[in-house]
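Have a look at the structure below, then the notes.
Read-outs: derived from the displayed coordinates by stated rules, not from any lab. Worth saying up front: this structure is predicted, and the values here are computed from it rather than measured. Please note: Cβ atoms are built from the backbone with ideal geometry, for glycine as well, and neighbour counts cover all protein chains shown.
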Amino acid sequence: MNAVSGPSAIYDIPANIRQSQEGNSVNDEDYCSDQNQQAEPTLYDTPKSTPVADPSPWRTIKPLEYVGFSRLPDQIYRKAVRVGFELNVLVLGEPGVGKNSLINSLFKANIGGSKYHQNEMVEGLRRSEVCLRENEVNLKLRLVELPGFAANIDNRDCWKPIVDYLDSQFIQYMKQENSLLRSSIVDHRPHVCLYFIPPTGHGLRQLDVEIIKAIHEKVNIVPLLAKADSFTIPELSNFRSEVVSDLNLNNISTFSEPLAMIGGEMKSATEGFDFLERSYPWGTINIQKEEYCDFSKLRNILLRERTLDLIERTHNVIYQTHRANLLTSLNYAQVMKPTTSELDRIRTMQINFDQILNAKVGKRQNKLYQLKVSEEEKYQAEMGALQEEKRKIDEKRRQLQLLKQDHESSEQVVLGTNDSSVHNQMDISRNIFGLVSTLRRTKKK
Ligand SMILES: Nc1nc2c(ncn2[C@@H]2O[C@H](COP(=O)(O)OP(=O)(O)OP(=O)(O)O)[C@@H](O)[C@H]2O)c(=O)[nH]1
Ligand SMILES: [Mg+2]
């Protein structure tokens, strides 16, 4: 690894660590065997050889037997698997410089052609999202590109949309942090910028210097020497050192040294994409070969060894610096003021809310009115039935009154006659009737 001696270069890491990282670099075959060897996930393992200084004032006691807290990292591992990971990558390079080919090779997937791939234009940049799954781990990958980047004759201010995008992502994140609902923060801050330097063979162009200078404090930059197969090995080494000296000369800090890249190749519609090879009439290049390509180094940085460093540096260093600057700046209130689009969004939300509320209130009122009408009808029907019943009872009462009157008047008629005379009269009339009928029978005979 060609370490850069510039004071600002982030990748100028101590030699012992660098050595261990280089020693740890894994190629595909190693990766599989590595995975098999690792019985337990070692997310937060520090290398055994690293001497651990103990600056802590705490007295350390070792329990006599197994207690269980040594398995706390397992909980972190399980949570990490459940929640998944997010990686936001800003891909910058001229058209045709090999951006898609490299991304496809890195993730060994036809990212652009995936049916789960979603595209949207945000502030002039194309943002696409895809969720990748390897074993049980989910990685949400967000790629941001500026279509037609540096492709004009006059490229003055061509990086302005990128700077605006980076700033606006910080502000959006800050607004979400300050809002009431912090649980659903969506983080679009790019964790890394893959900057493709075109294969000119003459160090950085003035345009590259200006662009990288404008963004190097807003995102971790990994400079890539695109289409490295355009050079012989000495030419490549020369090109790389020219780029390094240009970076140092301009006090530009990057996350890693410039890495020589060769992207995989789309062979044909039937053969598909060859993620790790590029063919020529005279032979084939395996892009994992470290003699002429730093593809494996890039993959280690991005996906295997320094992913969390990229994410943490974005939050702890880049974002916090930006936030502190913003808080101390006078235009903080101005910056935090909702933008026109946000105001529009709030207004639309308010209108939608009012509409929903009105609809719900109207529905409830309608229901109440119907309930009232049906209760009224029920009441009227019951009242009618009661009145009918009352009328019937009154009629019965009237008839009873009449009967009573009849009875009373008949009682007055028979008043003064005793019971035995009545019986006698009845007996006499019964006898007369019997006599008359006997006479009729004899007459017939
Ligand atoms: N020689 C060589 N050709 C490459 C390399 N990477 C990609 N290519 C070829 O360059 C062409 C463009 O590659 P893409 O990956 O589509 O480039 P891009 O930057 O995504 O292009 P745009 O989407 O148009 O901006 C294709 O024909 C690739 O096969 C490389 O490392 N070396
Ligand atoms: Mg492309």
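Taking label positions 7 Å along the Cα-Cβ direction at both Glu235 and Phe353, the computed distance is 6.3 nm, reported to one decimal.
If R0 is 56 Å, the Cβ-Cβ spacing of Glu277 and Asn366 corresponds to a FRET efficiency of close to 0.20. Backbone geometry of region 180-187 corresponds, through the Karplus equation with coefficients 6.51, -1.76 and 1.60 at θ = phi - 60°, to 3J(HN,Hα) couplings of 6, 8, 8, 5, 10, 5, 9, 9 Hz, x marking Gly and Pro. Residue by residue, region 238-250 carries 3J(HN,Hα) couplings of 5, 4, 4, 5, 5, 5, 4, 5, 5, 5, 5, 4, 9 Hz when phi is fed to the Karplus relation 6.51 cos²θ - 1.76 cosθ + 1.60 (θ = phi - 60°); x denotes Gly or Pro.
Is the shape of region 65-337 best called rounded, prolate or oblate, per the rule: a/c under 1.5 gives rounded, else a/b larger than b/c gives prolate, else oblate, with a ≥ b ≥ c the square roots of the Cα gyration tensor eigenvalues?
On the way: a/c = 1.65, a/b = 1.20, b/c = 1.38.
Oblate, because a/c is 1.5 or more while a/b does not exceed b/c.
Sorted ascending by nearby beta carbons within 10 Å, beginning with the fewest, Arg347, Arg142 become Arg347, Arg142.
Residues whose amide H falls under 5 Å from that of Glu257, counting only those 5 or more places apart or on a different chain, are absent, with hydrogens built in the peptide plane.
Please label the shape of region 265-381 as rounded, prolate or oblate, based on the square roots a ≥ b ≥ c of the eigenvalues of the alpha-carbon gyration tensor (a/c under 1.5 means rounded; beyond that, a/b larger than b/c means prolate, else oblate). Because a/c hits 1.5 or more and a/b fails to exceed b/c, region 265-381 counts as oblate.
Would you mind calculating the gained length between Thr270 and Arg430 on full extension (0.36 nm times residue separation, minus the Cα-Cα distance), in nm to one decimal? List each step's numbers first, then the result.
Numbers: separation 160, 0.36 × 160 = 57.60 nm, distance 12.88 nm.
Full-extension gain reported as 44.7 nm.
Sorted fewest first by neighbouring Cβ atoms within 10 angstrom, Ile212, Ile311 come out as Ile311, Ile212.
From the cross-link list Lys213/Lys337; Lys99/Lys267; Lys108/Lys227, which pairs have alpha carbons spaced over 22 Å apart? The partial results should precede the final answer.
Numbers: Lys213/Lys337 28 Å; Lys99/Lys267 16 Å; Lys108/Lys227 18 Å.
Table pairs above 22 Å Cα-Cα are Lys213/Lys337.
Comparing Cys131, Leu181, Asn100 along the charge dipole axis of region 65-337, the residue lying farthest to the positive side is Leu181, per the Cβ-charge model.
Just order 251-259, 70-78 by mean Cβ neighbour count inside 10 Å, highest at the front, would you? List each step's numbers first, then the result.
Details: 251-259: 20.7, 70-78: 11.7.
The packing order, highest mean first, is 251-259, 70-78.
Sorting 316-325, 370-379 by average packing, meaning the other beta carbons within 10 Å per residue, from highest down gives 316-325, 370-379.
Annotation: amide H of Cys193 within the under-5 Å range of Leu90, Asn220, Ile221, Val222, sequence separation 5 or more or interchain, hydrogens built in the peptide plane.
Amide H contacts of Val122 (H built 1.01 Å from N, in plane; Pro and chain starts excluded): Arg127 sit under 5 Å, all sequence-distant by 5 or more or on other chains. Residue exposure proxy: Trp58, Trp159, ordered by other Cβ atoms within 10 angstrom of their Cβ from fewest to most, comes out as Trp58, Trp159.
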